Amino acid sequence: MPRAVLAEGCVIGAAIGAAAIPPAPALVEAWFAAGIYPGIQRALTPVSNALPFALLDLLLVAALVATAIASAGAVRAARRARTAAPLLRLVRHLATGGAALYLAFLLLWGFNYRRLPIEDRLVVEPGGPSAAAVVQLGLTAASELNALHTGAHRAGWRERPWEDPTLRSAFVRVQRALGDVTPATPGRLKRSLLGPYFRWTSVDGMINPFGLEVLVNPDLLPFERPFVAAHEWAHLAGYADEAEASFVGWLACLAADAPARYSAWLALYWQVRAELNDSERARLADALAAGPRDDLEAVAARVRQGEWPWLRDAGWRAYDQYLKANRVEEGVRRYGAVVTLILRARFDPGWQPVRRVRRRG
Ligand SMILES: [Zn+2]
């Protein structure tokens, strides 16, 4: 067998092996999350931060152009030689390319899906919260929004949350409070070629797992940006799980200034609202003052204007499949699970999460 074919077989085999037999969470926690990953993140994110464009755009265009050129060449060669061999070679190359990308995904970020859950480090009561507790959290969000609205609007929102020293240091403090880690570097919020897709599917943002950079919906309103930034930074910090990323992002915003706190309570209000029935939602809406209500309506209008419902549904179904392929059994329902996490985790005053005491020896 030619050496090149053997090498290609090894790459494909390694990818299949990694997908079929994922490493145990405790192992991932030790050698990846607390091992090589923080170094990778602290090297890659600053590089991306220095560039005004998204690395993912570069990657997407390069991959498309390379595939198009290779496909055209293979078709021409097959026609000339009147044999299917060049096409089979193309399929092999594409499969190898896909396998190499998958391995790069795992090594640069994807293994974070296999980490131990945050419940392993924090005191979290088992089971779900009562319906009354969920409503109560929504009412708390409403009263926080009412109290913070004037101050937050007067202070205003930074166009660049990643240059906000208060939010940056809050993000560091929260990471340290949650685990003995090297804190992650915050990423700048970037626009990308995927911007219109985010608009049509009402996605607020995502990270590029190959460049460890943050890509956001171009239509986000100023008061949405701090929480979206902190949520995506939590992904950069290795919290792959959506509920955990929202939990960490929410805590980071609460530890920052009034505009960031307002942004976090606004996001949580949406999240809680999605868990309630019509009469409970009406109760929540009644508790809101005019200011926060206008802001929530502005968010709803932004989503309504941008989204294409059929594409949104297809996009979220695809993301659900992607999460399940990465062994997140609940799929996109993990978003709502942040409400459970907030209600079941134990906090000291000032929303300080209580760590579990490790038994040694
Ligand atoms: Zn997320």
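The values are calculated or read from the model by the stated rules, or taken from the named source; none is laboratory data. The structure presented is a predicted model; accordingly, all values stated were derived computationally and were not measured. For neighbour counting, all protein chains shown are included, and Cβ atoms are generated from backbone atoms with ideal geometry for every residue, glycine included.
Residues are listed down the side, and each one gets a yes or a no for (1) outside any loop (DSSP other than H, G, I, E, B); (2) more than 14 Å from the ligand (Cβ to nearest atom); (3) of a type in the set (S, T, N, Q); (4) in contact with a strand residue (DSSP E or B) (Cβ under 6 Å, 6 or more places away or on another chain):
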| residue | (1), (2), (3), (4) |
| --- | --- |
| Pro186 | no, yes, no, no |
| Ser192 | no, yes, yes, yes |
| Pro196 | yes, yes, no, no |
| Arg199 | yes, yes, no, no |
| His235 | yes, no, no, yes |
| Val248 | yes, no, no, no |
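Which pairs do you get when a residue that is under 9 Å from Asp204 (Cβ atoms) and in the same structural domain as Ala252 (by TED's automatic domain parsing), found in segment 224-241, comes within reach of a residue that is among the hydroxyl-bearing types (Ser, Thr, Tyr) and near the ligand (Cβ under 9 Å from one of its atoms), reach meaning Cβ atoms under 6 angstrom, with the pair 6+ apart or on two chains?
Cβ pairs passing all conditions: His231/Ser246.
Kindly evaluate Ala152 against the criterion of being buried (at least 19 other Cβ atoms within 10 Å of the Cβ) and either under 24 Å from Tyr113 (Cα atoms) or in contact with a strand residue (DSSP E or B) (Cβ under 7 Å, 6 or more places away or on another chain) (or both). Steps first, please.
Numbers: buried (at least 19 other Cβ atoms within 10 Å of the Cβ): yes; either under 24 Å from Tyr113 (Cα atoms) or in contact with a strand residue (DSSP E or B) (Cβ under 7 Å, 6 or more places away or on another chain) (or both): no.
Spelling it out, it is not the case that Ala152 is buried (at least 19 other Cβ atoms within 10 Å of the Cβ) and either under 24 Å from Tyr113 (Cα atoms) or in contact with a strand residue (DSSP E or B) (Cβ under 7 Å, 6 or more places away or on another chain) (or both).
So is Ala256 among the small types (Gly, Ala, Ser), at pLDDT 95 or above and either in contact with a Ser or Thr (Cβ under 6 Å, 6 or more places away or on another chain) or in a loop (DSSP other than H, G, I, E, B) (or both) or not?
On the way: among the small types (Gly, Ala, Ser): yes; at pLDDT 95 or above: yes; either in contact with a Ser or Thr (Cβ under 6 Å, 6 or more places away or on another chain) or in a loop (DSSP other than H, G, I, E, B) (or both): yes.
Answer is yes for this residue.
Residues are listed down the side, and each one gets a yes or a no for (1) of a type in the set (Ser, Thr, Tyr); (2) in a helix (DSSP H, G or I); (3) modelled with pLDDT of 95 or more:
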residue	(1), (2), (3)
Trp265	no, yes, yes
Leu268	no, yes, yes
Glu275	no, no, no
Glu280	no, yes, no
Leu284	no, yes, no
Pro292	no, yes, yes
Asp295	no, yes, yes
Ala300	no, yes, no
Arg317	no, yes, no
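Out of segment 324-361, which residues are modelled with pLDDT under 85, closer than 17 Å to Pro126 by Cα and part of a helix (DSSP H, G or I)?
Correct list: Arg334 only.
So which residues in segment 175-184 are over 15 Å from the mean Cα position of the chain (by Cα) and either small (Gly, Ala, Ser) or within 16 Å of the ligand (Cβ to nearest atom) (or both), if there are any at all? Step through it out loud before you land on a result.
Initial filter on segment 175-184 (over 15 Å from the mean Cα position of the chain (by Cα)): 175-183.
Within segment 175-184, Ala177, Gly179 qualify.
May I ask you to list the residues in segment 115-170 that are of a type in the set (Ser, Thr, Tyr) and at positive phi?
Taking segment 115-170 as the starting set, the residues that turn out to be of a type in the set (Ser, Thr, Tyr) are 130, 140, 143, 150, 166, 169.
Within segment 115-170, none qualify.
How many of the residues making up segment 201-225 are within 16 Å of the ligand (Cβ to nearest atom) and over 24 Å from Tyr113 (Cα atoms)?
Going through segment 201-225 one residue at a time, the tally reaches 3.
Just wondering, is there one or more residues in segment 213-223 that are closer than 25 Å to Leu59 by Cβ and among the acidic types (Asp, Glu)? Spell out the reasoning first.
Of the residues in segment 213-223, the ones closer than 25 Å to Leu59 by Cβ are 213-220.
With the extra rule that they be among the acidic types (Asp, Glu), the set shrinks to 213, 219.
Yes; the residues of segment 213-223 include at least one that is closer than 25 Å to Leu59 by Cβ and among the acidic types (Asp, Glu).
Residues of segment 250-270 being closer than 28 Å to Ala43 by Cβ and within 16 Å of the ligand (Cβ to nearest atom), which ones? So that I can check it myself, show each step before the final result.
Initial filter on segment 250-270 (closer than 28 Å to Ala43 by Cβ): 250-253, 255-256, 260.
Result: Trp250, Leu251, Ala252, Cys253.
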